[in-house]
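Taking it in order: structure first as structure tokens, then the write-up.
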Amino acid sequence: MRQTVHSLTRQLIERKARGEKLAVLTAYDYPTARLLDEAGVDMVLVGDSLGMVVLGLPDTTGVDMNAMLHHAAAVRRAVKRAPVVVDLPAHSYDDPEQALQNAERLVRAGADAVKLEGGLAVIEQVRAITRAGIGYIGHIGMLPQSVKLDGGYKKKGKLEEDALRLLEDAHALEDAGAAAIVLESIVSEVALRITQSVKIPTIGIGSGDGCDAQVLVTHDLIGAFPWFKPPFARSRANVAQEITRAAKEFLAEVKRER
Ligand code: KIV
């Protein structure tokens, strides 16, 4: 039985066909999400990167469904225009039934689509989600939720056999109904090959400028997390410096008043 194509998938295929480039940013709270939506971003991602940049965890593996539901609801209250995509956190999609149940919870919290990491290895989970009519975004390449298994954050697609596996993953996700696929830390030439071989947009992060879209963690874009800066992310503001300046000014003023 042929399933119907989700409206987000149809819309994104059309935008790619028109040659549109898309800009995606993360948000985890109401004010940031509202500012990004009003600025015109094409998609707001409630990423599990919130583990590091909001919750102070060492990586994304400690983020759970409760955290994602809490932040998804805050972002939903803010965003009126752009699609809101929410990450399924680590171990929330270990089998197809669990994946579907948790995807439904995120949709009830306000997600227009969910994202989960992996290709062929999680294809039954992806099918369970798309068959239920839930919007879905793929994520292949470097998978932060597997950082411990993988022994660190490593560039993907360096060998031809790895590139072929990534292409296979991308096609499997497209066939399963993905609306777009995040390509994280993939060798640029391989990211370009994937981009040219699928109809749905690829959303690159650290994968060169040949992708259809680019995504950044907003804290990296605005310089709000000064303790770690990914090499590919260009900060266009220095929010950390502004917070420190304002706090110090306030402190000095209050202490002078004594
Ligand atoms: O969690 C996240 O913010 C992400 C992006 C980096 C793609 O998955």
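The rows are residues; the columns are (1) surrounded by fewer than 19 Cβ atoms within 10 Å (Cβ to Cβ); (2) modelled with pLDDT under 95; (3) farther than 27 Å from Glu174 by Cβ; (4) within 13 Å of the ligand (Cβ to nearest atom).
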| residue | (1), (2), (3), (4) |
| --- | --- |
| Leu57 | yes, no, yes, yes |
| Asp64 | yes, no, yes, no |
| His70 | yes, no, yes, no |
| Gln101 | yes, no, no, no |
| Ala109 | no, no, no, no |
| Val126 | no, no, no, no |
| Thr130 | no, no, no, no |
Next on the checklist: Out of Gly51, Gly19, I need the residue that is open to solvent by 20 Å² or more (accessible area, probe 1.4 Å) and free of Cβ contacts under 8 Å to residues at least 40 places away in the same chain. Which one?
Outcome noted: Gly19
Item to check | Where Ala172 falls short, out of the listed (1) surrounded by fewer than 22 Cβ atoms within 10 Å (Cβ to Cβ); (2) within 16 Å of Gly204 (Cα to Cα) | outcome: (2)
Next on the checklist: For the range 203-222, give me each residue that is in a loop (DSSP other than H, G, I, E, B), of a type in the set (Gly, Ala, Ser) and crowded, with 19+ Cβ neighbours inside 10 Å.
Outcome noted: Gly206, Ser207
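Residue by residue, here is whether (1) over 17 Å from Ala121 (Cβ atoms); (2) in contact with an Asp or Glu (Cβ under 8 Å, 6 or more places away or on another chain); (3) surrounded by 24 or more Cβ atoms within 10 Å (Cβ to Cβ); (4) not β-branched (Val, Ile, Thr) holds:
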{"site": "Lys148", "(1), (2), (3), (4)": "no, yes, no, yes"}
{"site": "Glu161", "(1), (2), (3), (4)": "no, no, no, yes"}
{"site": "Leu167", "(1), (2), (3), (4)": "no, no, no, yes"}
{"site": "Leu183", "(1), (2), (3), (4)": "no, no, yes, yes"}
{"site": "Ala191", "(1), (2), (3), (4)": "yes, no, yes, yes"}
{"site": "Ser197", "(1), (2), (3), (4)": "yes, no, no, yes"}
Checklist entry - What is the residue count in the range 11-42 for residues that are under 21 Å from Phe225 (Cβ atoms) and within 16 Å of the ligand (Cβ to nearest atom)? => result 11
Checklist outcome for this item: Matching residues in the range 186-217 (small (Gly, Ala, Ser) and within 10 Å of the ligand (Cβ to nearest atom)) number 2
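The values are calculated or read from the model by the stated rules, or taken from the named source; none is laboratory data. Note that the structure is predicted; figures quoted are calculated from it, not measured. Please note: Cβ atoms are built from the backbone with ideal geometry, for glycine as well, and neighbour counts cover all protein chains shown. Remember, those area values only see protein heavy atoms, side chains included, never the ligands or the DNA or RNA. Shrake-Rupley method; radii C 1.70, N 1.55, O 1.52, S 1.80 Å.
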